Structure formats: C-alpha cells, structure tokens
Amino acid sequence: MNSKIKDFLRKYTMVIALVIVFILFCALTDGRLLYAQNMSNLMLQNGYVLVLACGMLLCILTGGNIDLSVGSVICFVGGVAAVLIGSKGFNPFITILLCLVIGLLVGVWQGYWIGYKRIPPFITTLAGMFIFRGFGRLVLDNKTVSIQNKSFLNVFTSYINIPGLDDGKKYSALIVGVLIACYIIFSTMRSRANKAKKGYRQNTAASDYSRAAVIAVVILWYCYKLYQYKGISVMLVWVVAICMIYNFITSKTAFGRYFYAIGGNEKATQLSGIDTNKVYFIAYANMGLLAGLAGLLCAARVGSVNGSTGTSFEMDAIGSCFIGGASAYGGSGTVGGVVIGALLLGVINMGMSIMGIGDSWQYVVKGAVLLIAVVFDVISNRKSN
C-alpha cells in the first residue's frame with residue numbers, strides 16, 4: 001500500500017470510524033438519528049464527557065496516567081450545589097464559584113500526593129473515588145435533591161435567544177455556523193500564506209482546502225440542525241469554550257508541551273530544567289477543577305443529584321481519550337482527537353438507545369471499541385519502534 005495512504009489512514013482512523021458508525025446507525029434507526037432534536041442532544045448529553053476528557057488528556061499525556069475519582073467528585077460537587085441551592089436557598093452564582101473552588105481544592109489535594117509525594121496516580125485517585133463518593137452521599141444525606149432555581153439552570157441549560165432574530169426560527173445558529181465556516185477557510189488561507197512566507201514545508205493546497213471545506217460543511221450542517229430545533233444551547237457554548245482553551249494550551253503554548261515531554265521521556269525532561277513535579281500537580285489540580293464544572297453541568301442538565309450521580313463518568317472520559325488517539329503510554333494525543341472519541345461514544349449510545357437496545361449491550365460495545373482503539377495504538381507504536 002502506498003505510504004501516503006498508510007499515513008492518511010493512520011492519521012484519520014478515528015474520523016473514518018466515526019463516519020462509518022454514524023452512517024451505520026443512521027441506517028439502523030431509519031434516519032431518526034438525524035432528527036434535529038437528537039443532533040442537538042448529542043452534544044448536550046456528552047458535554048460532561050468532553051469537559052472531563054480535556055482534563056483527563058493532560059493526565060494521560062504525562063505517561064498514561066488517569067484519574068479514577070472524577071465521577072465521585074461530580075457527585076460531591078453536584079451534591080453541594082443541589083443542597084445549597086435546592087435546600088438552603090443560597091445565591092446560585094456564589095454557589096457556582098464555591099463549587100468550582102471545591103473541585104479545585106480536590107484536585108490540589110490529589111495533585112499534591114501525586115506530584116510532590118509521588119504516590120501512584122492510580123492509588124491516589126482510587127482512594128479519592130471512594131472518599132468523595134462518600135462525601136457526596138453524606139452531603140445529600142443519601143437522598144435525591146432537586147434543583148429548580150431558574151437562575152442556576154439558565155447558566156448551563158438555557159438556549160441563546162437574541163430578540164428580533166430568534167423570535168421564531170433560531171437564525172442565530174445559522175449566522176454562527178456561517179461565521180465559523182468562513183473563519184475556518186480564512187485561517188487555512190492565512191496559515192498557508194505564513195508557512196509559504198517562512199519557507200516551511202506544508203501539505204498540498206488541495207489537501208488543506210479540502211479538509212477545511214469538509215469541516216466547514218459539517219459545521220454548517222450541524223448549525224442548520226440547531227436552527228431547526230431550539231438554537232444554540234448555553235451548555236454547548238461552555239463545552240466549545242473549554243475545548244478551544246485546552247486545544248490552545250496543548251498545541252500553542254510551551255507549558256502545554258511539558259505534558260507531552262514528560263510522557264515521552266520524564267528523565268530527559270527533568271534534565272532539561274522542567275519541574276516535572278509541578279506539571280503533575282497542575283495536571284491533577286486542573287482535573288479537579290474541570291470535574292467541579294462537570295458536576296455543575298450534570299446537576300443542571302438532570303435537574304437533580306443523588307448518591308449515584310457521576311457513576312462511571314470517569315470511564316467515559318478515559319475512553320474518549322484513548323479512542324480519540326491518546327497513547328496508552330503517554331506523550332501523544334490531541335483535544336481534537338478527544339472530541340472525535342467522545343462523539344463516537346455518543347453516537348453509539350444514542351443510536352443504540354433509539355433502537356431500544358439496553359444499557360448492558362451499550363457497555364459491551366463501548367468496551368469493545370475501547371479495546372480495539374488501545375490495541376491499534378499499541379501495535380502502531382511497536383511498528384514505529
């Protein structure tokens with residue numbers, strides 16, 4: 001097989017898999033997967049996964065490490081929010097800030113043991129999984145606590161509504177889609193011009209512009225689906241903002257490259273003068289903060305919190321990273337890949353739910369997909385070495 005074709009398949013394996021799975025479930029559900037409401041819910045139902053996966057990616061980059069406690073932290077933070085707002089009548093905005101601080105403190109606690117005392121992340125976060133699940137149930141008093149405060153819910157679950165523009169159809173979704181599509185084409189042109197000016201090697205014009213065109217068309221199509229339903233959800237804005245921030249950190253900043261360097265060769269990274277203990281600490285402190293945000297997103301979307309909230313959420317986040325191309329050994333992975341991995345799991349979940357297939361088989365399929373992705377990564381690394 002031509003080496004260029006091999007490189008293309010290796011680079012876009014998960015994208016191809018997502019397209020195949022999407023087409024498969026469109027056929028199996030007689031097109032119901034494509035309903036505007038389902039397309040809107042696809043991102044909303046997986047919003048917490050994408051937020052968690054962005055933080056989990058940083059942990060995995062440091063050497064295949066993971067955080068098993070995030071599902072329990074979601075229960076704990078969501079429980080605090082539900083009790084303070086739902087039962088105690090606290091100010092929702094102060095509660096949001098307090099919950100984010102609690103999530104950050106949880107991450108700082110675990111990051112200290114992992115980064116500076118070098119307790120294995122698996123053991124530290126496994127302990128955290130039990131500890132914070134227990135705290136969550138204590139806060140909730142083993143009850144289900146509902147949240148009905150509209151101010152809190154609107155921060156995370158409302159839809160953008162511009163007076164005069166979105167009174168009937170949600171035209172703001174179409175406008176946003178057009179603006180993003182134009183930006184993608186423009187940024188591709190600018191990138192090629194800058195590389196040409198500096199004499200850098202780059203892909204062919206046909207390759208770059210065709211990729212940009214495909215992405216632009218997908219975004220336009222998705223925004224058209226949002227236009228047909230309720231428009232752009234505030235939760236979608238939260239998720240996109242988090243993904244963009246972490247994509248910038250990991251791909252455009254020197255600090256973001258430290259995570260890749262540690263995963264590639266920690267001893268060499270130490271010798272180059274980088275404080276690896278600090279990087280580990282920040283990875284897990286950041287994970288706690290994002291788990292706190294995910295707890296708020298989950299509490300707002302469901303409208304209630306109980307002792308089982310967040311169960312197995314950490315597995316969805318970890319699975320999204322590995323399915324999206326993050327190496328099981330650390331040192332490689334992207335936020336874009338994480339998004340692909342989360343969407344792949346989301347399409348499988350939604351497609352099987354529409355078909356009426358139970359949770360048991362959904363777990364089987366997700367486990368199989370995860371195993372295939374990791375096996376592919378391991379085999380690819382062996383061949384490259």
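The values are calculated or read from the model by the stated rules, or taken from the named source; none is laboratory data. Keep in mind that this is a model prediction, so the values were computed, not measured. Ideal geometry is used to build each Cβ from the backbone, glycine not excepted, and the neighbour counts take in all protein chains shown. Keep in mind that these areas ignore ligands, DNA and RNA; they rest on the heavy atoms of the full protein, side chains included. Shrake-Rupley method; radii C 1.70, N 1.55, O 1.52, S 1.80 Å.
Summary of values
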read-out	value
Residues located in region 284-302, provided they are of a type outside the set (A, V, I, L, M, F, W, C) and open to solvent by 20 Å² or more (accessible area, probe 1.4 Å)	ASN286, ARG301
Check on LEU153, farther than 30 Å from THR95 by Cα, touching a helix residue (DSSP H, G or I) at 6+ places or on another chain (Cβ under 6 Å) and open to solvent by less than 60 Å² (accessible area, probe 1.4 Å)	no
Test set (1) open to solvent by less than 60 Å² (accessible area, probe 1.4 Å); (2) small (Gly, Ala, Ser); (3) out of contact with any Cys (no Cβ under 9 Å at 6 or more places or on another chain) - ALA216 fails condition number	(3)
Residue check for ASP359: crowded, with 20+ Cβ neighbours inside 10 Å and out of contact with any Asp or Glu (no Cβ under 7 Å at 6 or more places or on another chain)	no
Residue in region 179-190 that is in a helix (DSSP H, G or I), of a type in the set (S, T, N, Q), farther than 20 Å from ASN41 by Cα and under 26 Å from the mean Cα position of the chain (by Cα) present	yes
Verdict on MET235 being within 22 Å of the chain's Cα centre (by Cα) and in a helix (DSSP H, G or I)	yes
Residue that is surrounded by the fewest Cβ atoms within 10 Å (Cβ to Cβ), among those in region 221-236 that are closer than 19 Å to CYS182 by Cβ, touching a residue at least 60 places away in the same chain (Cβ under 8 Å) and among the hydrophobic types (A, V, I, L, M, F, W, C)	ILE232
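To keep it simple, each residue is scored yes or no on (1) under 13 Å from the mean Cα position of the chain (by Cα); (2) open to solvent by less than 30 Å² (accessible area, probe 1.4 Å); (3) over 23 Å from GLU266 (Cβ atoms).
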| site | (1), (2), (3) |
| --- | --- |
| CYS321 | yes, yes, no |
| GLY341 | yes, yes, yes |
| ASN349 | no, no, yes |
| ALA368 | no, no, yes |
